Amino acid sequence: MDPDDDVCLCFHVSRRKIWNYLRIERPRRAAELSQCEGAGTGCGWCRHFLEQMFSAAQQSLPVDALDLPDRDSYAERRAEYRRRDDTGRPSGDE
Ligand code: FES
(Lines give C-alpha, C1' and ligand atoms only; values in the text may rest on other atoms or scores of the structure.)
Protein backbone atom coordinates (compact mmCIF):
# COMPACT_ATOMS: atom_id res chain seq x y z
CA MET A 1 0.00 0.00 0.00
CA ASP A 2 1.40 3.37 -1.02
CA PRO A 3 1.29 6.42 1.27
CA ASP A 4 -1.54 8.03 -0.69
CA ASP A 5 -3.66 4.88 -0.85
CA ASP A 6 -6.72 4.95 1.36
CA VAL A 7 -6.68 2.88 4.53
CA CYS A 8 -10.23 3.91 5.35
CA LEU A 9 -12.08 3.37 2.12
CA CYS A 10 -15.38 4.64 3.53
CA PHE A 11 -14.02 8.12 4.20
CA HIS A 12 -11.01 8.14 1.85
CA VAL A 13 -8.43 8.59 4.59
CA SER A 14 -4.99 7.81 3.26
CA ARG A 15 -2.15 6.03 4.96
CA ARG A 16 -0.20 9.30 4.89
CA LYS A 17 -3.02 11.24 6.62
CA ILE A 18 -3.23 8.63 9.35
CA TRP A 19 0.53 8.56 9.92
CA ASN A 20 0.61 12.35 10.11
CA TYR A 21 -2.28 12.34 12.53
CA LEU A 22 -0.48 9.78 14.70
CA ARG A 23 2.76 11.78 14.53
CA ILE A 24 1.25 15.21 15.22
CA GLU A 25 -1.76 14.52 17.46
CA ARG A 26 -0.29 11.54 19.33
CA PRO A 27 -3.64 9.93 20.24
CA ARG A 28 -3.76 7.89 23.42
CA ARG A 29 -6.06 5.21 22.00
CA ALA A 30 -6.53 3.75 18.54
CA ALA A 31 -10.20 4.76 18.65
CA GLU A 32 -9.13 8.40 18.60
CA LEU A 33 -8.14 7.90 14.97
CA SER A 34 -11.83 8.45 14.25
CA GLN A 35 -11.01 12.14 14.67
CA CYS A 36 -8.83 11.86 11.58
CA GLU A 37 -11.53 12.55 9.01
CA GLY A 38 -13.79 9.83 10.42
CA ALA A 39 -11.38 6.95 9.86
CA GLY A 40 -12.85 3.68 11.03
CA THR A 41 -16.38 4.97 11.66
CA GLY A 42 -18.04 3.48 8.59
CA CYS A 43 -18.16 -0.22 7.77
CA GLY A 44 -15.46 -1.09 10.30
CA TRP A 45 -13.22 -2.91 7.83
CA CYS A 46 -10.18 -0.72 8.41
CA ARG A 47 -10.24 -0.75 12.22
CA HIS A 48 -7.83 -3.66 12.49
CA PHE A 49 -5.35 -1.83 10.24
CA LEU A 50 -5.83 1.42 12.15
CA GLU A 51 -5.03 -0.45 15.35
CA GLN A 52 -1.88 -1.86 13.74
CA MET A 53 -0.80 1.62 12.68
CA PHE A 54 -1.53 2.98 16.14
CA SER A 55 0.49 0.19 17.72
CA ALA A 56 3.42 0.84 15.36
CA ALA A 57 3.34 4.54 16.21
CA GLN A 58 3.30 3.73 19.92
CA GLN A 59 6.49 1.71 19.36
CA SER A 60 8.04 4.54 17.30
CA LEU A 61 8.39 2.22 14.34
CA PRO A 62 9.12 3.83 10.96
CA VAL A 63 6.21 4.80 8.74
CA ASP A 64 6.79 1.97 6.32
CA ALA A 65 7.33 -0.70 8.98
CA LEU A 66 3.86 -2.12 8.49
CA ASP A 67 3.38 -4.41 5.54
CA LEU A 68 -0.16 -3.48 4.60
CA PRO A 69 -1.82 -5.29 1.69
CA ASP A 70 -1.58 -3.77 -1.77
CA ARG A 71 -4.40 -1.41 -2.71
CA ASP A 72 -6.29 -3.81 -4.98
CA SER A 73 -6.12 -6.75 -2.59
CA TYR A 74 -7.17 -4.49 0.27
CA ALA A 75 -10.19 -3.21 -1.67
CA GLU A 76 -11.21 -6.74 -2.70
CA ARG A 77 -11.02 -7.99 0.88
CA ARG A 78 -13.05 -5.03 2.08
CA ALA A 79 -15.70 -5.69 -0.59
CA GLU A 80 -15.96 -9.29 0.60
CA TYR A 81 -16.20 -8.10 4.20
CA ARG A 82 -19.09 -5.82 3.26
CA ARG A 83 -20.93 -8.64 1.49
CA ARG A 84 -21.01 -10.75 4.62
CA ASP A 85 -24.04 -10.67 6.85
CA ASP A 86 -24.05 -10.31 10.63
CA THR A 87 -23.35 -14.04 11.09
CA GLY A 88 -20.04 -13.71 9.28
CA ARG A 89 -21.26 -15.81 6.38
CA PRO A 90 -21.36 -14.49 2.85
CA SER A 91 -24.73 -12.88 2.11
CA GLY A 92 -27.19 -15.33 0.58
CA ASP A 93 -25.85 -18.42 2.38
CA GLU A 94 -28.41 -20.64 4.08
S1 FES B 1 -13.07 1.23 5.41
FE2 FES B 1 -12.83 2.42 7.20
S3 FES B 1 -14.77 2.36 8.14
FE4 FES B 1 -15.06 1.35 6.22
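Quick one: in the range 49-81, of everything that is under 20 Å from residue 31 (Cα atoms) and aliphatic (A, V, I, L, M), which residue is nearest to the ligand (Cβ to nearest atom)? The selected residue is 50. For residue 80, state whether it is acidic (Asp, Glu), assigned to a helix (DSSP H, G or I), over 11 Å from the mean Cα position of the chain (by Cα) and exposed (fewer than 12 other Cβ atoms within 10 Å of the Cβ). When the stated conditions are applied, residue 80 passes them. If you check residue 90 against the conditions, is it surrounded by fewer than 16 Cβ atoms within 10 Å (Cβ to Cβ), closer than 19 Å to residue 4 by Cα and modelled with pLDDT under 95? No.
Within the range 49-69, if we keep just the residues that are at pLDDT below 95 and charged (D, E, K, R), the residue that is nearest to residue 10 (Cα to Cα) turns out to be 67. Annotation note: Cβ proximity below 7 Å between a residue of the range 35-58 that is under 24 Å from residue 80 (Cα atoms) and a residue that is of a type in the set (Gly, Ala, Ser) and buried (at least 21 other Cβ atoms within 10 Å of the Cβ) (sequence gap 6+ or interchain) occurs for 46/39; 46/40; 47/40; 50/39; 50/40.
Among the residues making up the range 1-16, a single one is surrounded by fewer than 20 Cβ atoms within 10 Å (Cβ to Cβ), closer than 15 Å to residue 62 by Cα and modelled with pLDDT of 95 or more: 16.
Within the range 4-32, residues that are within 22 Å of residue 71 (Cβ to Cβ) and among the hydroxyl-bearing types (Ser, Thr, Tyr) reach partners that are surrounded by 12 or more Cβ atoms within 10 Å (Cβ to Cβ) and at pLDDT 95 or above with beta carbons closer than 6 Å, at six or more positions or on different chains, in the pairs 14/6; 21/36.
Among the residues of the range 33-48, those that are within 12 Å of the ligand (Cβ to nearest atom), more than 18 Å from residue 69 (Cα to Cα) and part of a helix (DSSP H, G or I) comprise 33, 34.
Take the range 3-20 and flag every residue that is within 17 Å of residue 78 (Cα to Cα) and in contact with a Lys or Arg (Cβ under 7 Å, 6 or more places away or on another chain). Within the range 3-20, 5, 7, 9 qualify.
When every residue of the range 20-29 is checked against the conditions, none turns out to be within 12 Å of the ligand (Cβ to nearest atom), surrounded by 17 or more Cβ atoms within 10 Å (Cβ to Cβ) and either outside any helix (DSSP H, G or I) or not small (Gly, Ala, Ser) (or both).
The values are calculated or read from the model by the stated rules, or taken from the named source; none is laboratory data. Being a predicted model, the structure only gives us computed values, none of them experimental. Positions of Cβ are generated from backbone atoms using ideal geometry, with glycine treated the same way; all protein chains shown enter the neighbour counts.
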